[in-house]
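The values are calculated or read from the model by the stated rules, or taken from the named source; none is laboratory data. Note that this is a predicted model, so its numbers are computed, not measured. Quick reminder, even Gly has a Cβ in these numbers, built from the backbone with ideal geometry, and neighbours come from all protein chains shown. In case anyone asks, the SASA skips ligands and DNA or RNA and just uses the protein heavy atoms, side chains included. Shrake-Rupley method; radii C 1.70, N 1.55, O 1.52, S 1.80 Å.
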Amino acid sequence: MKKLLLASAAGALLAGAAGAEEIKMGISLGLTGPLESISPAMQKGAELAMKEVSDSGKLLDGSTIVPVVADNTCADAAASVAAVERLVTAEGVKGIMGGMCSGETIASLERVGVPNGVVMISPSATSPALSTIDDKGFFFRTSPSDARQGEVMADIVLERGINSVAVTYTNNDYGKGLADSFAEAYKAKGGTVTVVSAHDDGKADYSAEVAALAAAGGDALVVAGYADQGGSGVIQGSLDTGAFETFVLPDGMVNNVLVEKFGTQLETSFGQNPSAEGEGHEKFDALAKEAGFDGTSAYAGESYDAAALMLLAMQAAKSSDPKVYKDKVMEVANEPGEKIYPGELAKALELLAAGTDIDYVGATSVELVEPGESAGVYREVDFKGGKLNVVGYR
C-alpha cells in the first residue's frame, strides 16, 4: 500500500511538472535611437514583473519566464519590423512588451504582431492613430493616447497665462499626432498657434528651423520631440539666438537629460508626461530601488504593468497562447475584483487560479478603456532651479 501511495504521489508530481512551460516573452525597445536614455529603466521595469512571476512558481503549473530583448531603434520602422520578426519567428515569444515609439509600433504590429497572432502591449506608443488601427484584439497600451495629452497640455499652457505659442514636432507619427492634438485643443480653448512645423532628428544644426519659428513668434515654444535628439537641438538653437526662453515639453522631452544639458536655462519651462501617484506608484518605486534602477523614470512603471498584464491574462485564460489570453487582458486590468499592486503578482496568480476576479492597479493606476488603452493620468512638471520637479497630477 505504501508503495502504491508513493507511486501515486510521484505520478502527480510528474503530471504537475508536465504542465509547466518555459515561456519566452519579448521586450522591444529603442535601446539605440531618440529615446535610448529612458530605455534601460523601461527594460528593467518589464523584467522586474517577469522575474516576480517566474520566481513565484505560480504561473500555469510553475511555468518560468525568459525575457528576450530586441532593439527596435524607436525610429526605423524597417529595423523594428526585423527585430520583432526575430522575436516571433526565431525566438517563439508568447507576447511582446513594446513597441516604444508610435511609428515603429504601428509597423511591427501591422506586419508582425497581427499576422502572427501575438499580443503586443506598448508602454509608451501614444499616437492617436493606434486607437483606430485594425489590431484584431492583439494590441493594448498602458500609456494614454496623445489625443488626451493634447487636451491636458492645452489646459496647462493656458493656466500659466501663455496665450500664443509656436509648435515644432519631430517628423513622425508621434510628433505629428501630438502636435495636431495639442493645436486643435489649444485653439478651441482660446489660444493662438502661430505656426506648426516639423523638424527632423539627427541634424547637427537647427538654426533654419529656429529662425522660422522665431519669425512666427509666440510667448513660448512647444517642442513635441525627443530629448536625446532634435528636440534638444531646437532648444539649444532657440537659447543661443534668444528666439524663445520658455519651452512647453511633452512626454518625449520630460527627461533628466534636459536638466543635464540645459540646467537653469529652463527656469520658466514646464511640461507633462503620463504618470500616476498613489500606493501603486510608491510600491513600484520601492521595488525598483531594490532592483537598482529609477522607478520614476519615464514609462518604467508602464513597462512593468504591460508585462504584468500579459502574464496575468495567461493565468486567467489558463493558457500562454496569445490567441487565447488576449481576451482576458481587459478583464484582469479592470474592475471588479481584488486590487493588485506591484509586488503582489504571486497573490494575483493565486486568486486567478482559484477563479477569483482581480483588478490590476499596478504601478500606474491601470484602467484600460476601449480599444485597450490607458484612460490616462498625467504628471505636471517644471524645471525650476535646474531640476526636474513634480508640480502635481491631473
Query - Leading residue at positive end of dipole, the stretch 47-150 (Cβ point charges), from PHE140, SER80, THR126 - result: PHE140
Requested in this report: Estimate the FRET efficiency between GLU245 and ALA78 by the formula 1/(1 + (r/R0)^6), using the beta-carbon distance for r and 35 Å for R0, to the nearest 0.05.
Outcome: 0.35
Report summary line: Compactness summary of the stretch 187-268: radius of gyration and Dmax from Cα atoms, Å, are 12.2, 36
Report task. Multiply the residue separation of LYS323 and GLU267 by 0.36 nm, subtract the distance between their alpha-carbon atoms, and state the gained length in nm to one decimal. Result -> 15.2 nm
Requested in this report: Report in % the part of the accessible area of the chain that belongs to carbon and sulfur, leaving out ligands and nucleic acids; probe 1.4 Å.
Outcome: 51 percent
Report task. Give me the accessible area per residue for the stretch 35-100, probe 1.4 Å, as a whole number in Å². Result -> 35 Å²
Query raised in the report: Just the Cα atoms of the chain, one point each, no solvent: what log10 I(q)/I(0) does Debye give at q = 0.08, 0.11, 0.12, 0.13 Å⁻¹?
Result: -0.42, -0.74, -0.87, -1.00
Report task. Hey, can you grab everything whose amide H is under 5 Å from the amide H of VAL68? Only 5+ residues off in sequence or another chain; H modelled, so Pro and N-termini drop out. Result -> MET25, GLY26, ILE27
Query - Paramagnetic reach from ASN171 in the stretch 224-267 [backbone N under 15 Å; point 7 Å along Cα→Cβ] - result: 225-226, 230-231, 234
Requested in this report: Find how many whole Å separate the alpha carbon centroid of the stretch 59-87 from the alpha carbon centroid of the stretch 134-166.
Outcome: 27 Å
Requested in this report: Using a 1.4 angstrom probe on the protein heavy atoms only, line up GLU91, GLU290, GLU277, GLU338 by accessible area, largest first.
Outcome: GLU290, GLU277, GLU338, GLU91
Requested in this report: Evaluate the distance, in nm, between pseudo-label points positioned 7 Å from the Cα of VAL66 and of ALA212 along their respective Cα→Cβ axes.
Outcome: 5.0 nm
Query raised in the report: What whole-number value in Å² describes the accessible area per residue of the stretch 333-394 for a 1.4 Å probe?
Result: 42 Å²
Query - Unit charges on C-beta of K, R, D, E only; dipole of the chain, Debye - result: 860 debye
Report task. Report the antiparallel proportion of the DSSP beta bridges in the chain as a percent, rounded to a multiple of 5. Result -> 25 percent
Query raised in the report: Taking H as built 1.01 Å from N, whose amide H comes closer than 5 Å to the amide H of ILE358, not counting residues under 5 places away?
Result: GLU338
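To the nearest 20 debye, what is the magnitude of the charge dipole of the stretch 72-192 about its Cα centre, counting +1 on the Cβ of each Lys and Arg and -1 on the Cβ of each Asp and Glu?
120 debye
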Query raised in the report: What do you reckon, how do ARG160, ARG111 stack up by accessible area (1.4 Å probe), largest on top?
Result: ARG111, ARG160
Query raised in the report: Along the three principal axes, how long is the stretch 141-251 when you take its alpha carbons, biggest first, rounded to the nearest angstrom?
Result: 32, 32, 17
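What FRET efficiency would be calculated for the residue pair GLU282, LEU158, taking the C-beta separation as r and a Förster radius of 30 Å, to the nearest 0.05? Spell out each step's value before the answer.
Details: r = 31 Å, r/R0 = 1.04.
For R0 = 30 Å, the calculated efficiency reads 0.45.
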Query - DSSP bridge orientation in the stretch 241-394 - percent antiparallel, rounded to nearest 5 - result: 70 percent
Query raised in the report: Using 0.36 nm per residue, how much length does the chain from LYS289 to GLU184 gain when fully extended, once their Cα-Cα distance is taken away?
Result: 33.8 nm
Query raised in the report: With each run of n ≥ 4 DSSP H residues scored as -39500 (n - 2.57), what mean residue ellipticity at 222 nm is computed for the chain after dividing by its residue count and rounding to the nearest 500 deg cm²/dmol?
Result: -12500 deg cm²/dmol
Requested in this report: Set the Förster radius R0 to 25 Å, insert the Cβ-Cβ distance between ALA353 and ASN116 as r into 1/(1 + (r/R0)^6), and round the FRET efficiency to 0.05.
Outcome: 0.35
Query raised in the report: Taking the Cα centre of the stretch 354-394 as the origin and placing charges on Cβ (Lys, Arg +1; Asp, Glu -1), which of GLY385, ALA354, VAL369 is farthest toward the positive end of the dipole?
Result: GLY385
Report summary line: Counting Lys and Arg as +1 and Asp and Glu as -1 over every other residue whose Cβ sits under 9 Å from the Cβ of ALA288, the net charge comes to -1
Query - Dipole axis of the chain (+1 Lys, Arg; -1 Asp, Glu on Cβ), positive-most option in HIS281, ILE156, ASN256 - result: HIS281
